[in-house]
1. Collect the residues in segment 35-65 that are more than 11 Å from the chain's Cα centre (by Cα) and farther than 17 Å from Tyr95 by Cα, keeping them in residue-number order.
2. Give all pairs with beta carbons closer than 7 Å in which a residue from segment 46-58 that is at negative phi and crowded, with 19+ Cβ neighbours inside 10 Å meets a residue that is among the aliphatic types (A, V, I, L, M) and assigned to a helix (DSSP H, G or I); count only pairs at least 6 apart in sequence or on separate chains.
3. Can you name the residue in segment 74-105 that is outside any helix (DSSP H, G or I) and aliphatic (A, V, I, L, M) and, of all such residues, is surrounded by the fewest Cβ atoms within 10 Å (Cβ to Cβ)?
Amino acid sequence: MTVVKETINYNAKVVNNSDKSKSLGEDLFNSECYNKLPICQKKVFDCIFFGGGVSKSDISAKTKVCDPGGHIRDLRCKGFAIADEWITTDNGIRYKRYFLKKGGC
């Protein structure tokens, strides 16, 4: 399992204005559902959105959030389309990879 070393500026007012956010239709990062999220859930969502497919340990390492699974559950309950799939390594270790489904929010 690799830990991606990437820093995201969570203090920025606009997280992303790139073409990737525009591909979701409406600018998700300026939407009401995104702006009402607690900071920990924003961090987890940003990590999944920008990371493509990430595991819970990757999310914890990047965001310093200790229970990303709980935040993923809460994001799903709020309507965010977060999907997962099981990955099996060559050593037989299994873990879930989280990513955003088409449609976004």
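Values in this text are rule-based calculations from the coordinates and carry no lab data. No experiment lies behind these values; they were computed from the predicted model shown. Neighbour counts are summed over all protein chains in view; Cβ atoms, including those assigned to glycine, are modelled from backbone coordinates with ideal geometry.
1. Within segment 35-65, Asn35, Lys36, Leu37, Pro38, Ile39, Lys64, Val65 qualify.
2. Cys47/Ile59; Val54/Ile48
3. Let us first name the residues in segment 74-105 that are outside any helix (DSSP H, G or I), namely 78-105.
Next, only the ones that are aliphatic (A, V, I, L, M) stay: 81-83, 87, 93, 100.
Details: Ala81: 14, Ile82: 18, Ala83: 14, Ile87: 13, Ile93: 9, Leu100: 20.
The selected residue is Ile93.
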